[in-house]
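Trainee: Got a structure here, written out as C-alpha cells. Questions coming.
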Protein chains: 4
Amino acid sequence: MLIRSEFTIEFQLPQDAAMIGLLRLHPSLDSRVRFPEQLRVEKFDTEQSSPVAVEEYIDSFGNRCSRFLAPAGNLRLSGESLVIAADTIDPICTEARQHPVEELPADVLQFLLSSRYCQVDQLSLVAGDLFGHTTPGWARAIWIRDWVHNHVSFDYKSARPIKTALDVFTERVGVCRDFQHLAITLCRAMNIPARYVTGYLGDIRRPFSGAGDFSAWYEVFLDGRWWTMDARHNDERIGRVLMATGRDATDVAITTSFGIANLTKFYVESYEVDDAGTPVPLPPKP
Amino acid sequence: MLIRSEFTIEFQLPQDAAMIGLLRLHPSLDSRVRFPEQLRVEKFDTEQSSPVAVEEYIDSFGNRCSRFLAPAGNLRLSGESLVIAADTIDPICTEARQHPVEELPADVLQFLLSSRYCQVDQLSLVAGDLFGHTTPGWARAIWIRDWVHNHVSFDYKSARPIKTALDVFTERVGVCRDFQHLAITLCRAMNIPARYVTGYLGDIRRPFSGAGDFSAWYEVFLDGRWWTMDARHNDERIGRVLMATGRDATDVAITTSFGIANLTKFYVESYEVDDAGTPVPLPPKP
Amino acid sequence: MLIRSEFTIEFQLPQDAAMIGLLRLHPSLDSRVRFPEQLRVEKFDTEQSSPVAVEEYIDSFGNRCSRFLAPAGNLRLSGESLVIAADTIDPICTEARQHPVEELPADVLQFLLSSRYCQVDQLSLVAGDLFGHTTPGWARAIWIRDWVHNHVSFDYKSARPIKTALDVFTERVGVCRDFQHLAITLCRAMNIPARYVTGYLGDIRRPFSGAGDFSAWYEVFLDGRWWTMDARHNDERIGRVLMATGRDATDVAITTSFGIANLTKFYVESYEVDDAGTPVPLPPKP
Amino acid sequence: MLIRSEFTIEFQLPQDAAMIGLLRLHPSLDSRVRFPEQLRVEKFDTEQSSPVAVEEYIDSFGNRCSRFLAPAGNLRLSGESLVIAADTIDPICTEARQHPVEELPADVLQFLLSSRYCQVDQLSLVAGDLFGHTTPGWARAIWIRDWVHNHVSFDYKSARPIKTALDVFTERVGVCRDFQHLAITLCRAMNIPARYVTGYLGDIRRPFSGAGDFSAWYEVFLDGRWWTMDARHNDERIGRVLMATGRDATDVAITTSFGIANLTKFYVESYEVDDAGTPVPLPPKP
C-alpha cells in the first residue's frame, strides 16, 4: 500500500536563529520511498519566497537531521513523501521473550537509562510495585502499555514542554508524547529497553481516531528486535511512517530552535493513496 | 610526566546482576598508555577469587565500556594504569571564540540539548538573566564556571543520585558532579556546547586539595575544539586522566547495576611517578 | 464609591460531593456592605431549581467560608454584593519600614514560612542574589513586585493547578495567582511577611486592563500593617473588594471540591455603580 | 506513669537572628505536668552564660511557641519536663468510622488540604489506585499506615530539609518525618483528615527501638476525634508526650531560624521515672 504524507509549518522569527529539523523520513525507509522526499526551507513574504540552505547529517541514533540558519522574518518548512508501506498492522508476538540485560546488544543498553523526560531512577520502585508480578517479555510490555493507556487520559490543553514521565504518572493526563514517555520509563525500569519514536500516523484503513498528524509512539526491544508500541492508541495500527528514534522527545523534536521562533501555521496530513495518487477513502465510522 | 592510577571497588550482590563499568581509560589516550591497562572483575570469598568474563564495547560517545554478569556474592573490580601526561596545566585561551550554533559540527549539537540532570529548558531564562550581559566565548564560559564555583558549596553529605542542575541551582550545595551539572546546563542555555567528563584527578604537583579520586569535570566547545573546565576546582590543574565523556552523569556512571549491588569498598588513587615507578612527593602545603 | 460584584458558577457533578466555597466578602467589610450579600447554592435542571443547605464558618485566617453537600447533577453558585469602597488607589508609603522578625506580631510570623505553592526554602538563596542589595522595607517590596512583573508574562493557557512559585521562576509565564505566588515567596525569603489575597478587581475608573474577574493579589506586612501589592498589575488600582487571605491559593480557593465537579459556566463581574445602582461607564481607552 | 523528658540544643550564630522554638509541651497537657516546664534560652561562652528574653504565644494551631532574638555567638536552648502519662498504648478502635467530608467539624477541614510537604493534589490519583478498594474508616487508615511502613525504609543519611511526600513516594527511604508526611498525604487524598505531630517518644516499656528522641508522628480524624498513628513505628507505643500539631513539618519545626544558626550540640532524652524520680529500666531486648 502507498502512503502519502505532507506537511507545512511556518514560523515568524524576530531575528536569525539556527534551527534543527527532524522532518525527513528515517534512512531505513530509503528503499521504499517512491520519489525523492526532501525538506524545503524558505523565507517568504507576501510577494515571494527564497530558499534557505539546508545541511543534512545523521545523528548518533541514525536519524536524518536537517540544519539551517533561519533568517529573521517568515519561515516555511514543507515536504511530502510517498512510501510503500506494509498493509499489515503493528506486529504482535506474544512469545517474544525478554532478554536478560547481559544478553542485550551493546547499542541497545542506552535505552535502559534515564533521560530528560524519562526518570527511570525515580519510577523504578513504583514500576516494581505495579508490574513486578507480571510475566517478563511480551506480556509485561503489554501490561505496561495498557496500564498507561487506562490510567492516563488525553487532553491537548494539558501539554507542556517540560512535562516528564513522573508528572504524567501523578497528573494522569497528557498528549501523545506524555503517554509514551511514561510507558518508556516504566519499561526501562523493568529492564525492557524502550525508545521514543516520531513519525506519521494517519487514520489509515481505520475510522476516525483523532490522529492524522505527526505522532509519537515507542518501541521495545524483545527477542532480538524492536517492536512498535503505542500507549495512547493501544491497539495495533496500519501505516505508521517512521521519522526518527531516540531516548525521548528531546532527541527527536520535530524542530529545535536556538532562538525565538513563533509558530504561525501547522499543517500535516498522512493518508493512503492508490497507484494513481488518489486518496483512498477512510472506512465509515462504526 | 607519568601518572599512575589505580582502583579497587567491591560490591556485595544478593543475586546475579548485569553491570556496566566505565572504568577504562578513554580510547584517545591509547598511544600514551605505558602498559596494557584493563579492568579486572572477580568474584571472591575469604579463600579464593575467580575471574568474571568481561565484554568490551564502545558506546555512542566513543567511550570504552565494560559489561559483565556479576554473580551473587562478593565482587571486586580493580585496575591500574600508567599514562604519559602533559606536564602543563589545563589550557587557557582567552581568545577562544564562541561558534554561532549554525557553525558547530553536527556531532557537537547534542551537547546543547537537555539531558537527565541538565534541564536546559528550565534554566535557560535564569541563565539569560545571569549571563546575558557577558561577552560570548571564553569570557562567558569562565563567567559561568566561576559563578557556579562561587555560589555552590561542597558537601559530601549533600550528594543524592537524583539531584539535578535545577536542584543545585536552588540548594547551592553539592559534590563534584553537581557543580559540573549546573555549569553544563548554564553553558548549554547560553548556546555553548558542554559535555560531562569523568576521569582521575590526583593532587599532582599541587598541595592537598581534597581530590585524588575519580572526579568529574566538563568540557566546553569553543573555537573548534573542546576545553577542560571544572566548576568545583576552578583553577587550572595538571594531570587529569580522561575516562569518559557524555551528556551528563547518566551516560558515564563509573558502574551501572541492573539489580542490587551494595558497595562495600571503594579505593582509588592517582599520582605522579618517576621513570622507576616511584611516587613523586607532593609539594608542601603553603 | 459603590462597587457591585456578582457571579454565577455552575458545575456538573456525577455524584454527591462535599464542597467548600470562599465566595463571600471578607468579614472586615461588613460595615461597608449595603445590602446583605450571601452565597446561593442551588441544584437545578431544565425545569426548576432547589436550594442546597449551606453552613458558614470562619477559618483560622478569619475568612468567611461556606460548606455544603453538593448533590449529583447540576449545581449553581451565585451571589451579588454592593459595597462602599474608598475611591482612592492602593496606598503607597515609600517610608514604610521593614520590621526585624523579632518585632513582628506573633500572628504574622506564619506568613514568613513555606507553603504549598510558595517554597521559601528553595528560593531563599535565589532571592538573596536578586534582592540582597536592595533597601529593606517599602523599596525592597516594590523591587520584588516589579521584578516579578517584568520577568513573568501572562498567558491563560499556561495555568495549571500544581504550578508552584519555583515553576513560575523557571518558566516565567503564568496567570494572576502565579505572579503573586512568586512575589510572595521572594518577599518571605527576604523576611517580609506576605499573604495571598483573593477578591474582585474590576476595571474600575481604568481603561480596559483584562481584569474584571475574581482576581488574586497579595499583601506585605510593613510598618505595622498590611499593604496591597499586585505583581501582575503592578500599578495601583481602585476598587479591590476583599474576599479572603491565606498562605497561598490552597487556603483560599474559590471552591474546593471533595469529589468530581466539572465546571460548566463561569461568570463574574465587578463594576462601579452610582447611587441609583446604574453602572458607571469606564473611561475611554487611551 | 511518669515520663521525664529533657533536651539541650546548642547553636553557633555568626550574627543576631530571630528564632522561633516549638520546644514546650502542648497546652493540652497542662493539667498533667508535675512541675513548671519551660524553655531556657542562654547565650554562653567558656566562662559564663546569660539569659535571653523569650516571648511566648499560641499559634493558630493551638501550639505553645517561643520566640526570641538570638544574639551572635553561642546559644543554648534547654528544658526538662515531668508529665503524668497514661500507661496504655496508643488507642486502637477498629470500629472508628470515617466521616463524610460534609460532617467534619469546620476546624478539621484544613487537614484535608495540600501543604508544603504534603502534595495531596499530586498524590490523589496514586492514592486512589492503592487504597480505593479498602474499607473507609479505621481499616483504611491502618492500610495506609502499614503500606508506608512496608514500602519506605529508614535511613538517617537520606534526610533533607526539602524532601516532600512525593519524593518519599518515589525514593522510598526517609526519616521519621518523611514516613509521616507520606502517610498524611495519602490519608488526606482519601478524605481522612490528617495532621503532623511532634513530641517525645522514648523507648518506654519497650526494648530498644532506635527512638528516644524528638519524634514525629501523625493523627487522623475518625469518629469524632483524633487518633495517633505512626508510619515509622507502626505498632502501638506507650508514652508519647505531645509538643505540637500542624499541617506538616513546616508549621511545627523544633526551631526556625531567620538567619544562620549552625547546630553544634543536640541532646534529647525521654524516659519513665518512678515517684522518686529514678529512671525505670527498659525491659531486656528479646
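Bear in mind these aren't lab numbers, they're just calculated from the coordinates by the rules spelled out. For clarity, every value in this text was computed on a predicted model and none was experimentally measured. Please note: Cβ atoms are built from the backbone with ideal geometry, for glycine as well, and neighbour counts cover all protein chains shown.
Trainee: Per-residue mean of other chain beta-carbon atoms within 10 angstrom of the beta-carbon, peptide D:95-104?
Mentor: For peptide D:95-104, the averaged partner shielding equals 3.
Trainee: Hey, can you rank B:30-42, B:143-155 by average C-beta count inside 10 Å, highest first?
Mentor: Ranked from most to least packed, the peptides come out as B:143-155, B:30-42.
Trainee: Need one word for the stretch A:171-286: rounded, prolate or oblate. Basis is the Cα gyration tensor (sqrt eigenvalues a ≥ b ≥ c); a/c below 1.5 gives rounded, then a/b vs b/c decides.
Mentor: Oblate, since a/c reaches 1.5 and b/c is not below a/b.
Trainee: Counting partner chain Cβ atoms within 10 Å of every residue's Cβ in C:258-269, what's the average?
Mentor: Counting Cβ atoms of other protein chains within 10 Å of each residue's Cβ and averaging gives 1.
Trainee: In the structure displayed, which of B:K163/D:K265; A:K157/C:K43; C:K43/D:K163; B:K265/D:K163; D:K43/D:K285; B:K43/D:K157 lie more than 32 Å apart, Cα to Cα?
Mentor: Check vs 32 Å cut-off fails for C:K43/D:K163; D:K43/D:K285.
Trainee: Mind checking which chain B residue has its Cβ closest to the axis relating B to A, and how many whole Å off it is?
Mentor: With distances in whole Å, chain B gives B:S60, 2.
Trainee: Now for a separate question. Please give the charge dipole size of the stretch B:180-277, origin at the Cα centre, charges +1 on K and R Cβ atoms and -1 on D and E Cβ atoms. Round to the nearest 20 debye.
Mentor: 340
Trainee: Taking every DSSP beta bridge that has both residues in chain A, what percent is antiparallel when rounded to the nearest 5?
Mentor: Percent antiparallel among DSSP bridges in chain A is about 95.
Trainee: Using Cα atoms only, what is the angle between the long axis of helix C:176-189 and the major principal axis of chain C, expressed in degrees (0 to 90) to the nearest 10?
Mentor: The angle comes out near 40 degrees.
Trainee: FRET efficiency for D:A159 and A:A276, Cβ-Cβ distance as r, R0 = 51 Å, nearest 0.05?
Mentor: 0.10
Trainee: Quick check: convex hull of the Cα atoms in chain C, volume per residue, rounded to a whole Å³?
Mentor: 145
Trainee: Between copies, how close do the D:E95 label points come, placed 7 Å along Cα→Cβ, listed in nm from shortest?
Mentor: For D:E95, the inter-copy label distances come out at 6.2, 6.8, 9.1 nm.
Trainee: Suppose every K and R has +1 on its Cβ and every D and E has -1 on its Cβ; what is the size of the dipole of chain A about the Cα centre, in Debye to the nearest 20?
Mentor: Using only the charged Cβ atoms, the result is roughly 340 debye.
Trainee: Another question, then. Between Rg and the Kirkwood Rh of the stretch C:46-185, both from Cα atoms, what is the Rg to Rh ratio?
Mentor: Rounded to two decimals, Rg over Rh is 1.06.
Trainee: Which order do the peptides B:179-189, D:158-168 take when ranked by the mean count of other beta-carbon atoms within 10 Å per residue, highest first?
Mentor: B:179-189, D:158-168
Trainee: Zone of B:E56 (label point 7 Å along Cα→Cβ, backbone N under 15 Å): which residues in the stretch B:225-251?
Mentor: Residues passing the 15 Å test: B:243-244.
Trainee: Here's a follow-up. At A:H133, with labels set 7 Å past Cα in the Cβ direction, how many nm apart are the copies from this one, shortest first?
Mentor: Result, one decimal in nm: 0.6, 6.1, 6.1.
Trainee: Still on this model: Can you list the copy-to-copy distances for D:D146, using a point 7 angstrom from Cα toward Cβ, in nanometres, shortest first?
Mentor: Here the equivalent label points are 2.9, 6.1, 6.2 nm apart from this one.
Trainee: Is it possible to state the helix-based mean residue ellipticity at 222 nm for chain B, with each DSSP H run of 4+ residues giving -39500 (n - 2.57), the sum divided by total residues, to the nearest 500 deg cm²/dmol? What is it?
Mentor: Result for chain B, helices only: -5000 deg cm²/dmol.
Trainee: Using a Förster distance of 60 Å, how high is the FRET efficiency between A:H133 and A:K265, based on the Cβ-Cβ distance and rounded to 0.05?
Mentor: 0.80
Trainee: Based on alpha-carbon centroids, what's the gap between the stretch A:122-192 and the stretch D:93-124 in Å, whole number please?
Mentor: 29
Trainee: Quick one: putting +1 on the C-beta of Lys and Arg, -1 on the C-beta of Asp and Glu, what dipole do you get for the stretch A:217-258 around its Cα centre, in Debye to the nearest 20?
Mentor: 100
Trainee: Could you tell me which residue out of D:I254, D:I162, D:V273 lies farthest along the dipole of the stretch D:156-286 toward its positive end? Charges go on the beta carbon: Lys and Arg +1, Asp and Glu -1, centred on the Cα centre.
Mentor: Result: D:I162, furthest along the dipole toward the positive end.
Trainee: Follow-up. Using each residue's phi in the stretch D:142-154, evaluate 6.51 cos²θ - 1.76 cosθ + 1.60 at θ = phi - 60° and report the 3J(HN,Hα) Karplus result to the nearest Hz, with x for Gly and Pro.
Mentor: 5, 4, 5, 4, 5, 4, 5, 4, 7, 9, 10, 10, 8
Trainee: Count, for each residue of D:108-119, the Cβ atoms from other chains sitting within 10 Å of its Cβ, then give me the mean as a whole number.
Mentor: The shielding value for this peptide is 5.
Trainee: Tell me which of D:Q180, D:C93, D:F221 sits at the most positive position along the dipole axis of chain D, charges placed on C-beta atoms (Lys, Arg +1; Asp, Glu -1).
Mentor: D:Q180
Trainee: Continuing with this model, one more query. Convert 10 °C to kelvin, take the viscosity as 1.306 mPa s, use the Kirkwood radius over C-alpha pairs of the protein assembly as shown as Rh, and evaluate the Stokes-Einstein diffusion coefficient in µm²/s, rounded to a whole number.
Mentor: Approximately 48 µm²/s, per Stokes-Einstein.
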